[in-house]
Amino acid sequence: MKLSEIAKELGREFDGEDKEITGMNTLADASEHELTFISNPKYVKQIPTTKAGAILVNEAAASYAPKGCTPLVVEDPYWCVAIVSKLFAPPIEDEAGEVSVGEGSIVDKKATLAKGAKIGKNCRIMAGAYVGSQSEIGDNTILYPNVVVYRDCKIGANCIIHANTTIGGDGFGFATNKMGEHKKIYQNGNVIIEDDVEIGNSVTVDRAVFGSTRIKKGVHIDNLVQIGHNCEVGEFSVMVSQSGLAGSTKLGRNVVMGGQAAAAGHLEIAPFNTFAARSGITKSIKEQGKTWAGFPLYEHKVWLRLQGKIAKLLKQ
Amino acid sequence: MKLSEIAKELGREFDGEDKEITGMNTLADASEHELTFISNPKYVKQIPTTKAGAILVNEAAASYAPKGCTPLVVEDPYWCVAIVSKLFAPPIEDEAGEVSVGEGSIVDKKATLAKGAKIGKNCRIMAGAYVGSQSEIGDNTILYPNVVVYRDCKIGANCIIHANTTIGGDGFGFATNKMGEHKKIYQNGNVIIEDDVEIGNSVTVDRAVFGSTRIKKGVHIDNLVQIGHNCEVGEFSVMVSQSGLAGSTKLGRNVVMGGQAAAAGHLEIAPFNTFAARSGITKSIKEQGKTWAGFPLYEHKVWLRLQGKIAKLLKQ
Amino acid sequence: MKLSEIAKELGREFDGEDKEITGMNTLADASEHELTFISNPKYVKQIPTTKAGAILVNEAAASYAPKGCTPLVVEDPYWCVAIVSKLFAPPIEDEAGEVSVGEGSIVDKKATLAKGAKIGKNCRIMAGAYVGSQSEIGDNTILYPNVVVYRDCKIGANCIIHANTTIGGDGFGFATNKMGEHKKIYQNGNVIIEDDVEIGNSVTVDRAVFGSTRIKKGVHIDNLVQIGHNCEVGEFSVMVSQSGLAGSTKLGRNVVMGGQAAAAGHLEIAPFNTFAARSGITKSIKEQGKTWAGFPLYEHKVWLRLQGKIAKLLKQ
């Protein structure tokens, strides 16, 4: 899509150098054929280093755009992200079409493979499972009944995805205007699940807004777990039932999230950290190999001591 | 159904004036053709103002029934509600029957439209989705794979309901006798979802026991959220993943429930309040536009200060 | 399978008396044709009393094995449990085969009954529901759309299982080696649900690793509840939305778990205890009939008093 067409959709005149734009991305990740945006002032200093071909920006920050990055000056860049995201959203393609099923795989007649779905060898795609358009399932992987994989996702080899789980549903993203009205930000990224991953029942792994949500090799996820868009779960990490990660949080390898534990968004958790049940994580953790508990979060042994102190209040 | 027949089902003799009863409802909402009940003594003072045609009531409170409201005197009115609720429960009707599908809508062959279902224009009803008897789906609405909409519900236009979500499942209601045994209260109400609502994966929105559970225009709901029977979620409100509302709680417009936040039942939350992740709300909030946190709940800034005070206990 | 074959799979030479082994089980429950294991040193003292035909054991504890119980000495017994569990895992059998459907039952054409499934009388198995191989559904029971019952489970009479719920998914079990890598422990037990049980939407009840996870008569379970492998939920107990039980925890009769309340694993909760919303239970409770709250857990009235004390910290 031409940049001039995008400008037109936003109700703006466009008189700069026109160029082809293939999608949207963040300041850090956008390439010369992508449109980026700046909505949070704290990222203004990153504008000059972006490689994006164009940027949605308000008037105040427009002059920071580097050479080669055409500024589209708008009043509310984030609201415009929502508008533009829809332009790049692919249509729902679940009608019949060419699919690929590897040798030895059994696809139940009541399962659905949408156009372009690709199933590896020796897979089991059980009744009511749905594999969206262009999604790929690796060898020896099992999708139990009623698993839903949205379009464009990749699931590795030797994975087990249990019943009623959804991979690649839309991340929770929208812009809000001054009237308090919301506009959906279409989630045009995907989910990549590496090999040897097991995921329980009724888990929700959201697709990325741009790029990929990623579950790395050997991860084990229990039932009813939430993984937000653009998260990364490191190799051999473990998430116990009813735990959750808000968007863009990254767990290192062998992190353990106890039952009902949760992390806020945009955090980085170093490898080998363990979080007791119902931990509430609101800051990144750089040290490796510790055990944590509580909300606010403390080292587990400190939390235990603190609970002892709190209990003593009863005697006062 | 005649009032005399209901009395008979309850094992009571009936010698009053007989009348046609079409259903059950609360003291406040029941009309002259409905049966109401009183089980919690604190509502006794509302009895004289009810417009119900009859009331399930124990002996002590029977005399409060106003003219036109026939008292059915029983030992345990709430247990009798459970018995009577079943009499009014419609049969499950998911066999084939006449359905209506608007122009431009695509209903997957693996989706099910039960008898009397009505799909608007340009909808997408994907594989494995189920639309119950008499339920209506507005124009341009998408039901992703394996969404289940129980009977008699209404979903507005331009809604997106993501995979594996259930709309209109039975609310959690039962009566318990002195032996600790439970009897289901059939949930004969419905769910109404207004226009422009987006609901994530594996969300559960329960149908009302009487009347409607209502999600208003422009609401955004993330994955794994619970909304109990008879709740109301105000315009443009936002519920983040794993949050929940117990029965009959009403959120005003633009309320934000953070991740894993929850509200007890029968509360009213004024517009524009924001609840941080894992807030626990146990009282109604009349002020608008504040930010809250914690369980017990405090204003967010007070909660932060309190956590500082608690941390200091470690030094004592 | 012969014990010598199991030894071979574990890469061990075998020169003892060979015997037929039909499965695995715990030290306490294993019979003479079963293999048991010891991985946690605190159970060493139970070894001499096991009735198992053989035991996976490290060198240090091998001498505790009683007569008739052949020790298979291995370096990491729990890792070997994972290897052996796979040997006993039955194949997925969801292809067409003989099924049994009782008089008066309606099985939707879009539902799936796997080979050997057995449906009682007057049941309703709705669209997209899946009943696994050899699973049995009692009379008058309703499976709402997209309910998944894995193989070998039993659901009683007069049960209602709501949409998108999964019964009998694999429990969350794996062994971890020194490199932090995990190996799945196949869950070869089942789930037994007794009569008159109602289970909400998107609930997950995991199958046992050995033996059965059990939901007893008259239990009511709300939406989005997690029940781990080998749990037992006592008669007429109630679990409110988003609550959860970790593995092997047993609730007595008429226990109430409030919304988002959770219990750690391997606990026993005496009858008639009530846990307020978001209680966190980490110890067994022997007293009956009390009300609890908080995490750490206190008696409810103490918790309320404690919150009052904590609030006073703001004035210091």
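Along the Cα-to-Cβ line of B:Glu59, 7 Å from the Cα, sits a label point; which residues in region B:5-19 have backbone N less than 20 Å from it?
Residues B:7-8, B:10-16 fall inside that zone.
Between B:Glu95 and B:Asn177, what is the FRET efficiency for a Förster distance of 30 Å, r being their Cβ-Cβ separation, to the nearest 0.05?
FRET efficiency, B:Glu95 to B:Asn177: 0.25.
From the square roots a ≥ b ≥ c of the eigenvalues of the alpha-carbon gyration tensor of region A:194-295, which class results: rounded (a/c under 1.5), prolate (a/b over b/c), or oblate?
Since a/c stays below 1.5, the shape of region A:194-295 is classed as rounded.
If each of A:Val44 and C:Gln316 carries a label point 7 Å out from its Cα toward its Cβ, how far apart are those two points in nm?
For the pair A:Val44/C:Gln316, the computed spacing is 4.3 nm.
Return the sequence-ordered ³J(HN,Hα) values of region B:164-169 in whole Hz as given by the Karplus equation 6.51 cos²θ - 1.76 cosθ + 1.60 applied to θ = phi - 60°, using x for Gly and Pro.
6, 8, 10, 10, x, x
How far apart are the A:Lys309 label points across copies, placing each 7 Å from Cα toward Cβ, in nm, shortest first?
Result for A:Lys309, in nm, nearest copy first: 1.4, 1.4.
Can you show me the helix-derived [θ] at 222 nm for the protein assembly as shown, built from DSSP H runs with n ≥ 4 at -39,500 (n - 2.57) apiece and divided by the number of residues, rounded to the nearest 500.
Working: 9 runs with 95 residues, N = 948.
Taking each H run of at least 4 residues, the total per residue is -3000 deg cm²/dmol.
Say a label goes 7 Å from Cα toward Cβ at C:Thr22 in every copy; what distances in nm does this one have to the rest, shortest first?
Going from nearest to farthest copy, the values are 6.1, 6.1 nm.
Among rounded, prolate and oblate, which fits region A:192-244 when a ≥ b ≥ c are the square roots of the eigenvalues of its C-alpha gyration tensor, a/c under 1.5 means rounded, and a/b larger than b/c means prolate? List each step's numbers first, then the result.
Numbers: a/c = 1.96, a/b = 1.19, b/c = 1.65.
It comes out oblate by the Cα gyration axes.
Let me check I've understood the local charge: for B:Asn273, count other residues with C-beta under 13 angstrom from its C-beta, Lys and Arg +1, Asp and Glu -1. What total comes out?
Surrounding charge for B:Asn273 is +2.
For region B:100-303, give me the percentage of DSSP beta bridges that are antiparallel, rounded to the nearest 5 percent.
That works out to approximately 10 percent antiparallel.
Any idea how far apart A:Glu9 and A:Lys121 come out in nm if each label point goes 7 Å out from Cα toward Cβ?
4.2
Taking a label point 7 Å out from Cα toward Cβ, give me the nm distances from C:Glu103 to the same spot in the other copies, shortest first, one decimal.
5.2, 5.2
For chain C, with a Gaussian network of springs between Cα atoms less than 10 Å apart, report the residue from C:Trp79, C:Trp303, C:Trp292 with the top mean-square fluctuation.
Of the options given, C:Trp303 has the highest mean-square fluctuation.
Let me make sure I get this right: for the protein assembly as shown, a, b and c are the square roots of the gyration tensor eigenvalues over alpha carbons, sorted descending. Under 1.5 in a/c it's rounded, otherwise prolate if a/b > b/c, else oblate. Which is it?
Rounded, since a/c falls under 1.5.
How large is ³J(HN,Hα), in whole Hz, for each residue of region A:282-299 in order, when computed from phi with the Karplus curve 6.51 cos²θ - 1.76 cosθ + 1.60 and θ = phi - 60°, using x for Gly and Pro?
In residue order, the calculated couplings are 10, 10, 5, 10, 9, 6, 9, x, 9, 10, 10, 7, x, 8, x, 7, 10, 4 Hz.
List, in order, the whole-Hz ³J(HN,Hα) value for each residue of region B:22-36 obtained from phi through the Karplus relation with A = 6.51, B = -1.76, C = 1.60 and θ = phi - 60°; use x for Gly and Pro.
Per-residue couplings from phi come out as 9, x, 10, 6, 6, 3, 6, 9, 5, 9, 5, 9, 10, 9, 10 Hz.
With Cβ to Cβ distances under 12 Å as the rule, what net charge do the other residues near B:Val149 carry (K, R +1; D, E -1)?
Here the charged neighbours net out to +1.
I'd like the distance between the alpha-carbon centres of region B:215-229 and region B:1-78, rounded to an integer number of Å.
Comparing the Cα centres of region B:215-229 and region B:1-78, I get a distance of 34 Å.
In a GNM of chain C with a 10 Å cut-off on Cα contacts, which of C:Glu299, C:Glu17, C:Glu268 has the highest mean-square fluctuation?
C:Glu17
Report the per residue volume, in Å³, of the convex hull enclosing the C-alpha atoms of region B:41-104.
Hull volume over Cα atoms, normalised by residue count, gives 174 Å³.
Please work out the Cα center distance from region C:88-162 to region B:85-126, rounded to the nearest Å.
Region C:88-162 and region B:85-126 have Cα centres separated by 23 Å.
Using modelled amide H (1.01 Å from N, peptide plane; none on Pro or chain starts), what sits under 5 Å from the amide H of B:Cys159, excluding residues fewer than 5 places away?
It is B:Thr141, B:Ile142, B:Asp196, B:Val197, by chain and number.
Taking only Cα atoms and a 10 Å spring cutoff, compute GNM fluctuations for chain A and point out the largest among A:Gly104, A:Gly171, A:Gly234.
Looking only at A:Gly104, A:Gly171, A:Gly234, the largest GNM fluctuation is found for A:Gly104.
With equal scatterers on the alpha carbons only and no solvent term, can you work out the Debye log10 of I(q)/I(0) for chain A at 0.09, 0.10, 0.12, 0.16 1/Å?
Ignoring solvent entirely, the Cα scatterers give -0.55, -0.66, -0.89, -1.22.
Of A:Lys2/A:Lys45; B:Lys109/B:Lys183; A:Lys2/A:Lys110; B:Lys184/B:Lys216; A:Lys250/A:Lys301; A:Lys183/B:Lys290, which pairs sit farther than 30 Å apart, going by alpha carbon to alpha carbon?
Check vs 30 Å cut-off fails for B:Lys109/B:Lys183; A:Lys2/A:Lys110.
Let me have the relative contact order for region C:7-120, percent, based on Cα pairs under 8 Å that are six or more residues apart.
Taking the mean separation of contacting Cα pairs over the length of region C:7-120, I get 18 percent.
Take the Cα of C:Lys86, step 7 Å along the line toward its Cβ, and report every residue of region C:53-72 whose backbone nitrogen sits under 13 Å from that point.
Answer for region C:53-72: none.
No lab work stands behind these numbers, since they all come straight from the coordinates. These numbers come from a predicted model, not from an experiment. Neighbour counts are summed over all protein chains in view; Cβ atoms, including those assigned to glycine, are modelled from backbone coordinates with ideal geometry.
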